[in-house]
Amino acid sequence: MASGRKKKGPADKKNKPKDISLRRFVITYLALIIAFFIFSWLKPIQKIIDVNALYTHLLVVVTSRILGLLYHPCITNGTVIRLPAMSFDIGVACNGIEAVMIYSVAVMAYPSQWKKKIIWITAGFFILQTANILRIVVLSYVGSYLKGLFEFVHIYIAQGVMIALSLTIFFIYLHYAKGAEADHN
């Protein structure tokens, strides 16, 4: 007589570690992202070293030099880039650090070799920051020549592109990490 319960077979046992890995990934991700945000935005830590301010200043300098090379004259003052037609402030959410942080924490949370994680975090940082500089350059042109579209492009398109790029790089990393893992098994 059948008891109505299914016997656990080998397929069920194979799925269990993946569930635990997903749970571990989510818990690790959340713990790391909270730690990184606390480290980045806690006032006592910012008094010692303000990573956001230092990086934002560097980003403004690099972006203004690129704009100069593209014959788009600008003047900088702190985190503000002044163009002939407009000025904009590169704030914390615009410096790309959040996108890098979210991507990097996801890479760190995913089980893989640390050497691969460091390589992919470094590559992701350069890709995301290059895209962010390009985003700011494009926004400066949109703000100068298409003022009516600036807010829409800035909020909906430029932000979305950064999020999509972060996810795309992470998915490529997942494919690479899984492929490298399969090669070792």
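The values are calculated or read from the model by the stated rules, or taken from the named source; none is laboratory data. As the structure is a computational prediction, the values presented were derived from the model and not from experiment. Note: ideal-geometry Cβ built from the backbone for every residue, glycine included; neighbour counts use all protein chains shown.
Go through the residues of the stretch 131-139 one by one and say whether even a single one is touching a His at 6+ places or on another chain (Cβ under 6 Å) and over 26 Å from L30 (Cβ atoms).
yes
Quick one: what pairs do we get from the stretch 140-157, first residue in contact (Cβ under 8 Å) with a residue 40 or more places away in the chain and at negative phi, second basic (K, R) and in a helix (DSSP H, G or I), C-beta under 6 Å, 6+ apart or different chains?
Filtered contacts from the stretch 140-157: no entries.
How do the pairs read when you match residues in the stretch 87-111 that are modelled with pLDDT under 90 with residues anywhere that are of a type in the set (D, E, K, R), using Cβ under 9 Å and keeping only pairs 6 or more apart or on different chains?
If the second residue must be of a type in the set (D, E, K, R), the pairs left are F88/R82; V92/E98; C94/R135; G96/R135; P111/R24; P111/E181.
Go through the residues of the stretch 116-132 one by one and say whether even a single one is in a helix (DSSP H, G or I) and of a type in the set (D, E, K, R).
For the stretch 116-132, residues in a helix (DSSP H, G or I) and of a type in the set (D, E, K, R): present.
If we scan the stretch 74-84, do we find a residue that is farther than 30 Å from L174 by Cβ and of a type in the set (K, R)?
The answer is yes; a qualifying residue exists.
For every residue, the table says whether it meets (1) among the aromatic types (F, W, Y); (2) under 20 Å from Y55 (Cα atoms); (3) loosely packed, with under 14 Cβ neighbours inside 10 Å; (4) modelled with pLDDT of 95 or more.
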{"site": "A131", "(1), (2), (3), (4)": "no, yes, no, yes"}
{"site": "S144", "(1), (2), (3), (4)": "no, no, no, no"}
{"site": "K147", "(1), (2), (3), (4)": "no, no, yes, no"}
{"site": "F150", "(1), (2), (3), (4)": "yes, no, no, no"}
{"site": "Y156", "(1), (2), (3), (4)": "yes, no, yes, no"}
{"site": "M162", "(1), (2), (3), (4)": "no, yes, no, no"}
{"site": "I169", "(1), (2), (3), (4)": "no, no, no, yes"}
{"site": "H175", "(1), (2), (3), (4)": "no, no, yes, no"}
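Could you run through the stretch 101-120 and say how many residues are among the β-branched types (V, I, T) and either touching a strand residue (DSSP E or B) at 6+ places or on another chain (Cβ under 7 Å) or buried (at least 18 other Cβ atoms within 10 Å of the Cβ) (or both)?
Going through the stretch 101-120 one residue at a time, the tally reaches 3.
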